[in-house]
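Reviewing the structure listed below.
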Amino acid sequence: EDGCLADPHGCEWDDVTTICKIKECNDKTQMPCDAKANCKWDAAIDQCVERPCVPYKDQTECEKHSFDCKWEGGVCTVIDGCVAHTNEKECGIDASGDCEWKTAHSPVHCGVKKCRVYKTEGDCEAVDKGAQDGCAWDSNKMKCDEGVSLCKDETQPCSCGQVPGCMWEAKTSKCVASMFANCPAVDLVVAVDGSLSMADRFGRHPHGFFAVTEMVLDLS
């Protein structure tokens with residue numbers, strides 16, 4: 001995969017088929033990009049991007065990518081509204097709050113947050129479903145969320161203690177994930193390259209700034 005993505009001819013790795021192919025949507029301007037049936041111009045990142053699921057022309061190929069596509073009415077289409085977002089920025093600000101940028105597969109895509117696939121409190125906190133994914137039911141939003149993220153929303157010791165995986169830290173007067181409760185506070189400075197190379201593709205990310213941001217988010 002690394003060799004494929006680093007190829008100067010603009011290649012793309014499909015981890016489902018384990019095939020490296022020349023990226024079809026590699027035009028630098030909008031007009032030739034929009035002229036291709038499988039491509040569209042994404043103004044948010046000024047790049048030509050592939051239309052989600054459209055390139056898969058038969059059912060077998062479509063269903064191999066079942067994490068973001070489905071075969072319906074003789075065509076391959078997206079499984080939900082999240083997949084329709086073709087860049088990380090729009091994915092993260094989707095009005096539903098259900099979307100996140102996923103790098104587990106290549107090509108990368110916008111998909112539903114792992115806990116948001118559970119639509120009821122029962123499924124969210126079931127041992128064989130949401131609970132094993134670290135999910136907990138948010139009674140304020142009436143949605144299933146990752147237990148760690150729920151901690152940040154609690155401002156009182158009692159309500160904090162009622163959230164699975166959370167505990168009140170008296171020293172900071174904050175609700176934190178119990179796994180991090182005793183960790184000392186650490187200041188972290190991240191120096192980011194400001195050269196033109198940051199505008200290039202970085203691994204599974206469209207450019208360096210998204211890649212660095214993702215790395216920092218993983219650390220937090």
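The values are calculated or read from the model by the stated rules, or taken from the named source; none is laboratory data. Since we're looking at a predicted model, the values are computed, not measured. For neighbour counting, all protein chains shown are included, and Cβ atoms are generated from backbone atoms with ideal geometry for every residue, glycine included. Each accessible area value is taken on the protein alone, full model and side chains, heavy atoms only, with ligands, DNA and RNA left out. Shrake-Rupley method; radii C 1.70, N 1.55, O 1.52, S 1.80 Å.
Filtering the range 117-133 to residues that are out of contact with any strand residue (DSSP E or B) (no Cβ under 6 Å at 6 or more places or on another chain) and either of a type in the set (A, V, I, L, M, F, W, C) or assigned to a helix (DSSP H, G or I) (or both) leaves Val117, Gly122, Asp123, Ala126, Val127, Ala131, Gln132, Asp133.
Give me the pairs, please: first residue somewhere in the range 117-143 and within 15 Å of Asp98 (Cα to Cα), second residue anywhere and in a loop (DSSP other than H, G, I, E, B) and of a type in the set (Val, Ile, Thr), beta-carbon distance under 8 Å, and either six or more positions apart or on two chains. The qualifying pairs are Ala136/Val163.
Residues that are of a type in the set (Ser, Thr, Tyr) and touching a residue at least 12 places away in the same chain (Cβ under 8 Å) were ranked within the range 50-81; the one that is most open to solvent (accessible area, probe 1.4 Å) is Ser66.
Here Ala43 clears all of (1) surrounded by 13 or more Cβ atoms within 10 Å (Cβ to Cβ); (2) free of Cβ contacts under 8 Å to residues at least 60 places away in the same chain except the condition numbered (1). All conditions but one from (1) under 23 Å from Ala211 (Cβ atoms); (2) open to solvent by less than 40 Å² (accessible area, probe 1.4 Å); (3) not in a loop (DSSP other than H, G, I, E, B) apply to Lys89; the one that does not is (2). Can you tell me which residues in the range 60-118 are closer than 20 Å to Asp14 by Cβ and charged (D, E, K, R)? Within the range 60-118, Glu61, Glu63, Lys64, Asp68, Lys70, Glu88, Lys102 meet the criteria.
Matching residues to (1) farther than 26 Å from Thr18 by Cα; (2) touching a Cys at 6+ places or on another chain (Cβ under 6 Å); (3) assigned to a strand (DSSP E or B):
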{"position": "Lys28", "(1), (2), (3)": "yes, no, no"}
{"position": "Pro32", "(1), (2), (3)": "yes, no, no"}
{"position": "Lys40", "(1), (2), (3)": "no, no, yes"}
{"position": "Ile45", "(1), (2), (3)": "yes, no, no"}
{"position": "Cys48", "(1), (2), (3)": "no, yes, yes"}
{"position": "Val54", "(1), (2), (3)": "no, no, no"}
{"position": "Lys57", "(1), (2), (3)": "no, no, no"}
{"position": "Cys62", "(1), (2), (3)": "no, yes, no"}
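Cβ-Cβ distances below 6 Å connect the following pairs, each with a first residue in the range 165-178 that is open to solvent by 70 Å² or more (accessible area, probe 1.4 Å), a second residue that is not aliphatic (A, V, I, L, M), and a separation of six or more residues or different chains: Met167/Ser178.
Out of Ala37, Ala6, report the one residue that is free of Cβ contacts under 8 Å to residues at least 12 places away in the same chain and surrounded by fewer than 17 Cβ atoms within 10 Å (Cβ to Cβ).
Ala6 is the lone residue from the list that is free of Cβ contacts under 8 Å to residues at least 12 places away in the same chain and surrounded by fewer than 17 Cβ atoms within 10 Å (Cβ to Cβ).
Inside the range 92-120, can you point out the residues that are surrounded by fewer than 17 Cβ atoms within 10 Å (Cβ to Cβ), of a type in the set (A, V, I, L, M) and closer than 20 Å to Val54 by Cβ? Passing the criteria: none in range. Residue count for the range 89-139, restricted to those that are of a type in the set (Asp, Glu) and over 27 Å from Lys64 (Cα atoms): 3.
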